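Encoded as structure tokens, the structure appears first; notes follow it.
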Amino acid sequence: MAIVRIHAEYCKGCRLCIEVCPRHKLALADVLNELGIQPVEVVADSAECTACMSCVLMCPDAAIEIIDKKPTLKKVKS
């Protein structure tokens, strides 16, 4: 599972991230940011995000952050 964070104050609404998301989990928000621009938001049920990072790599303003919450294996001392 991944957590997707959109920093609306940096988003200029270019929609590039929406186009590259393979799971279609991004859309334009219904509200405007401080600059009067319609930013991108995460669509409900973002649990299907695979943390592929396509949106992060495509965003020209570094307005998207993905936190991958996959369980990690711990090394057991013997």
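The values are calculated or read from the model by the stated rules, or taken from the named source; none is laboratory data. Computed from a prediction, not measured in an experiment: that's the story for all the values here. All Cβ positions, glycine included, derive from the backbone under ideal geometry; neighbour counts span all protein chains shown. Heads up: the accessible areas ignore ligands, DNA and RNA and are worked out on the full protein's heavy atoms, side chains in. Shrake-Rupley method; radii C 1.70, N 1.55, O 1.52, S 1.80 Å.
Rundown of residues vs (1) aliphatic (A, V, I, L, M); (2) in contact (Cβ under 8 Å) with a residue 24 or more places away in the chain; (3) touching a strand residue (DSSP E or B) at 6+ places or on another chain (Cβ under 9 Å), yes/no style:
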residue	(1), (2), (3)
Gly13	no, yes, yes
Arg23	no, yes, no
Leu26	yes, yes, yes
Asp30	no, no, yes
Asn33	no, yes, no
Gly36	no, no, no
Val40	yes, yes, yes
Thr50	no, yes, yes
Lys77	no, no, no
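A residue that is at pLDDT below 95, closer than 20 Å to Ile67 by Cα, in contact with a Lys or Arg (Cβ under 9 Å, 6 or more places away or on another chain) and assigned to a loop (DSSP other than H, G, I, E, B) cannot be found anywhere in the stretch 13-32.
Could we say that Glu65 is assigned to a strand (DSSP E or B), open to solvent by less than 100 Å² (accessible area, probe 1.4 Å) and on the phi < 0 side of the Ramachandran plot here? Yes, satisfied.
Condition check ((1) modelled with pLDDT of 95 or more; (2) within 11 Å of the chain's Cα centre (by Cα); (3) open to solvent by 80 Å² or more (accessible area, probe 1.4 Å); (4) not hydrophobic (A, V, I, L, M, F, W, C)) across all residues:
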| residue | (1), (2), (3), (4) |
| --- | --- |
| Glu34 | no, no, yes, yes |
| Val40 | yes, yes, no, no |
| Asp45 | no, no, yes, yes |
| Cys52 | no, yes, no, no |
| Leu57 | yes, yes, yes, no |
| Lys69 | no, no, yes, yes |
| Ser78 | no, no, yes, yes |
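When Ile3 is tested against the conditions (1) more than 20 Å from Ile67 (Cα to Cα); (2) open to solvent by 30 Å² or more (accessible area, probe 1.4 Å); (3) touching a strand residue (DSSP E or B) at 6+ places or on another chain (Cβ under 6 Å), the lone failure is (1).
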